[in-house]
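The values are calculated or read from the model by the stated rules, or taken from the named source; none is laboratory data. This is a predicted model, so every value here is computed, not measured. Cβ placement follows ideal geometry from the backbone for every residue including glycine, while neighbour counts extend to all protein chains displayed. The protein model used for the area step is the full one, side chains on, heavy atoms only, and it has no ligands, DNA or RNA in it. Shrake-Rupley method; radii C 1.70, N 1.55, O 1.52, S 1.80 Å.
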Amino acid sequence: MMAPDTEGQATTDSSLLAPPVAAVVDAVVEEFGADRGRLLDIVQAVQRRIGHISDAAVRAVATALGIHAVEVEDMVSFYAFLDREPKGRIRIRVSKTPMSLMKGAAEVAQAFAAATGAAIGGTSPDGEFTVQWTADIGMADQEPSALIDGTVATRLTPAEAAAIVATLRQNRAGPALLLFPGSDGQSISRARVGSSLARSGPIVFRQGGRGDGVRAALTLPRDSVTQEMTKARLRGRGGAGFPTGLKWKLCQQSISAAHHVVCNADEGEPGTFKDRVLLTEIPDVVLDGMTIAGYAIGARHGLIYLRGEYAYLWNSLQAVLENRRRLGLLGSNVCGREGFDFDIRIQLGAGAYVCGEESALIESLEGKRGAPRDRPPFPTERGYLHQPTAVDNVETFACVARIMEMGASWFGGHGTRESTGTKLLSVSGDCPHPGVYEVPFGITVNDLLDLVGAPQAEFVQVGGPSGQCVAPKDFGRRIAYEDLSTGGSVIVFGPGRDVLDVARQFTEFFVEESCGWCTPCRVGTTLLKMNLEKIIGDRGTLADVTALEALANTVTRMSRCGLGQTAANPILTTMRNFPQAYEARLRPELFLPRVTLREALAEAVEILGREPMAEEDT
Ligand SMILES: Cc1cc2nc3c(=O)[nH]c(=O)nc-3n(C[C@H](O)[C@H](O)[C@H](O)COP(=O)(O)O)c2cc1C
Ligand code: SF4
């Protein structure tokens with residue numbers, strides 16, 4: 001049972017609080033060395049123990065850390081997985097994406113609601129369950145899926161949802177984690193989440209020994225390791241395609257008392273799950289890559305920012321880290337190399353897509369809300385703790401290890417001129433064999449569709465919502481940085497899917513995920529959604545389409561970070577590639593308004609508290 005809260009005790013002195021909250025908070029804060037920088041860990045641990053971050057808990061954390069309560073409040077209110085209000089003892093979060101809804105997520109969510117007695121978005125009368133929607137949880141290949149506290153449930157059916165609730169009710173005392181068939185804590189990562197590696201290629205998923213890349217790197221001077229990345233023409237796999245060798249060189253050249261390596265395992269782009277598969281199947285290769293980066297840039301510390309949705313991987317990753325320490329692949333004098341000390345810590349996120357953006361991620365690592373920073377300075381100069389930091393994607397680190405194992409020329413011999421190596425694609429949607437495919441860069445969309453058994457595709461979303469909606473006329477285009485660039489998400493839509501409804505759902509995703517810092521993104525994404533809905537609802541004119549395009553361009557140009565700068569892509573790319581879908585929703589004859597001016601002004605009337613003047617009411 002969750003410890004009772006002591007809400008209602010209006011005091012700022014934690015010593016006057018009834019024992020549970022203050023005592024729990026004090027113990028947690030002590031566990032984290034009373035380190036303000038670990039605030040995200042602290043509040044997550046408090047929530048795990050007392051159910052939510054109550055006012056009393058906010059005050060107690062602030063007092064224990066010697067900071068203002070507003071700092072704690074500000075940070076907690078940012079993350080989707082942190083609750084300020086009491087919730088059910090067990091939280092069921094159903095993944096809501098176009099892919100999950102295509103596979104029956106709405107029926108599954110209804111089944112959870114019916115079985116628990118909770119409305120979707122609410123808590124059951126007995127306080128046992130909260131059922132809610134959540135953004136993509138990284139299981140697009142096995143939808144419908146849900147997070148049940150930290151446990152992932154995939155390929156759900158309504159009947160199974162009801163059975164899970166019944167089991168949870170029967171086992172109130174047991175930890176939810178152990179309630180699923182085949183799960184024993186250690187193997188939970190495989191128990192409910194299929195492996196999903198559909199096709200290995202010659203690079204990332206090649207056979208290779210643990211630590212081989214690190215040992216090869218240690219035979220070279222630090223600079224030469226960075227030069228190998230440049231020679232291999234490795235570009236970051238997280239989406240932007242920045243040259244890894246150049247990033248490391250800039251980082252190395254920034255003078256500081258310490259440097260840091262960060263592995264971006266936030267993987268929040270809907271439809272992407274290849275980093276999850278890497279961390280499940282070959283975590284040692286990723287950790288080899290991080291260690292090589294540590295050696296090259298002169299860092300002693302590595303951090304993995306693991307998205308909160310992948311908390312189920314925590315135990316297995318900790319076990320891998322522990323094993324590496326035993327083998328001398330982490331810790332002091334790595335691989336016997338005198339003076340090269342390197343270790344890695346995992347930071348668990350708490351449900352915020354924007355935290356995948358590297359500067360927001362760094363803010364989050366420092367225990368703050370994940371708001372992107374102004375750049376420059378870039379993280380290579382002022383990153384984690386304002387020290388030079390190389391933030392690289394999980395797949396990038398896997399490539400780094402393979403480059404050191406096999407050499408830059410071998411790596412550069414694969415792919416195209418500007419896109420060397422192979423690419424991991426997370427394929428989902430209307431295709432019979434969803435999963436991760438390691439393909440050569442330069443593969444056409446057509447060839448990919450044949451490979452995954454989906455030649456009937458009517459449109460393909462390449463690069464997730466922030467990417468492009470590709471029409472059949474462009475299926476000859478190549479997946480590569482110089483043509484169709486993608487962090488890895490490929491979503492296939494077959495006959496009968498409504499391209500505008502998909503664009504609407506993706507736009508809604510950006511509305512939900514905007515951090516709210518800048519107006520073009522905060523307000524612009526909402527207006528985009530409203531205007532698109534007007535067109536989808538057959539209430540639009542050609543003028544609305546023109547206005548929508550202008551607004552989309554403004555949001556793209558004026559937003560402060562990559563989230564806002566790509567939030568209009570679902571609209572812009574469908575406008576460009578599917579103009580007929582928009583035209584079909586407009587009335588061909590002279591536009592006749594279906595709402596009266598009074599109806600249109602209803603909201604303004606309510607806000608102003610007065611009726612329109614007679615001359616306005618025409
Ligand atoms: C809104 C947003 C979300 C992002 N999410 C991720 C992510 O989940 N994983 C990732 O590696 N990069 C993500 N990025 C890109 C990172 O900012 C950064 O470019 C990347 O981690 C650098 O690593 P790379 O050079 O290996 O690609 C995101 C960028 C934006 C703007
Ligand atoms: S563009 Fe959006 S996510 Fe980025 S800073 Fe502005 S409001 Fe925040």
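Some notes on this structure:
- Scope the stretch 333-374; condition more than 15 Å from ligand 2 (Cβ to nearest atom) and hydroxyl-bearing (Ser, Thr, Tyr); matching residues: none
- Taking the stretch 351-421 as the region of interest, the helices (runs of 4 or more DSSP H) fully inside it that hold 2 or more residues being within 23 Å of Val214 (Cβ to Cβ), of a type outside the set (S, T, N, Q) and within 14 Å of ligand 1 (Cβ to nearest atom) are 394-406.
- Test: residue in the stretch 246-253 that is more than 16 Å from ligand 1 (Cβ to nearest atom), of a type in the set (Lys, Arg) and open to solvent by 10 Å² or more (accessible area, probe 1.4 Å): no
- Scanning the stretch 91-107 for residues that are among the aliphatic types (A, V, I, L, M) and either surrounded by fewer than 21 Cβ atoms within 10 Å (Cβ to Cβ) or assigned to a loop (DSSP other than H, G, I, E, B) (or both) yields Leu101, Met102, Ala106.
- For the stretch 401-458, filtered to residues that are over 21 Å from Gly289 (Cβ atoms) and acidic (Asp, Glu), the residue that is surrounded by the fewest Cβ atoms within 10 Å (Cβ to Cβ) is Asp450.
- Test: Pro86 is within 29 Å of Gly37 (Cβ to Cβ), in contact with a Gly (Cβ under 7 Å, 6 or more places away or on another chain) and open to solvent by 20 Å² or more (accessible area, probe 1.4 Å): yes
- Residue satisfying all of: in the stretch 203-248; of a type in the set (Ser, Thr, Tyr) and more than 22 Å from Thr272 (Cβ to Cβ); farthest from ligand 2 (Cβ to nearest atom) among these: Thr219
- Of everything listed in (1) in contact with a His (Cβ under 7 Å, 6 or more places away or on another chain); (2) without any contact (Cβ under 8 Å) to a residue 60 or more places away in the chain, the single unmet condition for Cys251 is (2).
- Residues of the stretch 323-342 include none that is within 17 Å of the chain's Cα centre (by Cα) and either within 16 Å of ligand 1 (Cβ to nearest atom) or β-branched (Val, Ile, Thr) (or both).
- Scanning the stretch 71-80 turns up no residue that is within 19 Å of Thr272 (Cα to Cα), open to solvent by 40 Å² or more (accessible area, probe 1.4 Å) and not in a loop (DSSP other than H, G, I, E, B).
- Of the listed requirements (1) in a loop (DSSP other than H, G, I, E, B); (2) touching a Phe, Trp or Tyr at 6+ places or on another chain (Cβ under 9 Å); (3) farther than 17 Å from Gly407 by Cβ, Arg233 misses just one: (3).
- When the residues of the stretch 108-142 are filtered to those that are among the charged types (D, E, K, R) and closer than 25 Å to Asn171 by Cα, the one that is surrounded by the most Cβ atoms within 10 Å (Cβ to Cβ) is Glu128.
- Residue in the stretch 303-311 that is surrounded by fewer than 21 Cβ atoms within 10 Å (Cβ to Cβ) and more than 20 Å from the chain's Cα centre (by Cα) present: no
- Evaluation of Phe475 against (1) open to solvent by 20 Å² or more (accessible area, probe 1.4 Å); (2) without any contact (Cβ under 8 Å) to a residue 40 or more places away in the chain (one fails), failing number: (1)
- Candidate set from the stretch 564-586 (those that are buried (at least 23 other Cβ atoms within 10 Å of the Cβ) and of a type in the set (A, V, I, L, M)); member that is farthest from ligand 2 (Cβ to nearest atom): Ile571
- Of Arg199, Arg155, all but one fail to be over 23 Å from the mean Cα position of the chain (by Cα), at pLDDT 90 or above and surrounded by fewer than 21 Cβ atoms within 10 Å (Cβ to Cβ); the exception is Arg199.
- Arg345 meets each of the listed conditions (1) open to solvent by less than 10 Å² (accessible area, probe 1.4 Å); (2) more than 16 Å from ligand 1 (Cβ to nearest atom) apart from (1).
- Qualifying residues in the stretch 506-526 (those that are open to solvent by 30 Å² or more (accessible area, probe 1.4 Å) and either in contact with a helix residue (DSSP H, G or I) (Cβ under 6 Å, 6 or more places away or on another chain) or closer than 17 Å to Ala135 by Cα (or both)) - the one nearest to ligand 1 (Cβ to nearest atom): Glu513
- Test: residue in the stretch 529-551 that is within 16 Å of ligand 1 (Cβ to nearest atom), under 22 Å from the mean Cα position of the chain (by Cα) and under 30 Å from Gly351 (Cα atoms): no
- Failed criterion for Ala390 (all others in (1) open to solvent by less than 10 Å² (accessible area, probe 1.4 Å); (2) within 16 Å of ligand 2 (Cβ to nearest atom) hold): (2)
- Test: residue in the stretch 446-462 that is touching a Lys or Arg at 6+ places or on another chain (Cβ under 6 Å) and either part of a helix (DSSP H, G or I) or within 27 Å of Gly194 (Cβ to Cβ) (or both): no
- Reported count of residues in the stretch 485-498, each being surrounded by 21 or more Cβ atoms within 10 Å (Cβ to Cβ) and away from ligand 1 (no atom under 15 Å from the Cβ), is 4.
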